[in-house]
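Please treat every number below as a calculation from the coordinates, not as lab data. In this text, all values refer to a predicted model and were calculated from it rather than measured experimentally. When we count neighbours, we look across all protein chains shown, and the Cβ atoms used for this are built from the backbone with ideal geometry, even at glycine.
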Amino acid sequence: MKRGTAALAGMTAIAALVLSGCTSKQAGSPGPAAAANPEINTLTLLAQRVSETSAAKQGAHLNISVEGSGQALGGEGDVRFGAKPAMDLKMAIPEMAEVTMRFVDDAFYVKLPEELEPGKSWLKIDTKGADPLSKALGSAVKQMKENGDPSQTLKLLEGAGEITGTKTESLNGRDTTHYTLTIDVKKLVAKQSDADQKKALEEATKAGVQNFPVDVWLDAENLPARIALNIPFTDPTSQKTEQVKMTIDYTDWGKPVDVTAPPAAEVAELPR
């Protein structure tokens, strides 16, 4: 169980970082619909276009893959952005088979393959808790709540990077524009307001990481079709900084997403 818990801590934290799209920092009401992929030559304009199109599209379906720390995970589910962020995600986590994760009402719920107690297959992770797993996820979930939808993720990168390539591509049967970004880690450190995230990035610079790539594919409506990152990540169990490859494919923008917490009778206490 200890190995499984460590894997869950590390890989779920990565998933939370990838899903940093769930928050309340929407910039008011959306502006007029953007023209299909107008010329975008700055990161600021890229974030602006995505904000204009995604502000009214509170829900989406996603497929996610993560590779890091010598492991790989994949999954899919639904996510709701905006003032009341939520997600319902099924993921294949090493050593733990399929795991269902829900984020609702500021709490993470994880359904494990085996019951922790008779009749209790769900584990609640209080991001303000004092146990190791809660601590590992607390900062990541805080970022989930504060960073916003994909447009907010791009806004966080403003001033820390630039567009270094643009081309048209067909992605999963859709015409898209592929933007390649290069992010300067030191500049990103200077922009961080969250102490834990700032510390993690500072550790990356100490490990010799100077920059990392981000790739964004927008469809004809300037909605994200895919976001791929190779970012420095500090493993919460080993404290080693490694490059983690993360890819999220978005579909069904605007779909209604309703997520509920599991019944309290089916939720177990976190093992200590």
Neighbour net charge for Gly75 - beta-carbon separation under 9 angstrom, K R +1, D E -1: -1
Förster radius 25 Å - calculated FRET efficiency between Lys128 and Asn172, Cβ distance, rounded to 0.05: 0.05
Kirkwood-Stokes translational diffusion coefficient of region 166-260, alpha-carbon pairs, 37 °C, 0.692 mPa s, µm²/s: 215
Where labels lie 7 Å past Cα in the beta-carbon direction, separation of Ala83 and Ala268 in nm: 3.8
Largest to smallest principal axis extent of the C-alpha atoms in region 50-114, angstrom: 40, 24, 17
Under 11 Å, Cβ to Cβ, from Thr260 - net charge with Lys/Arg +1 and Asp/Glu -1: -2
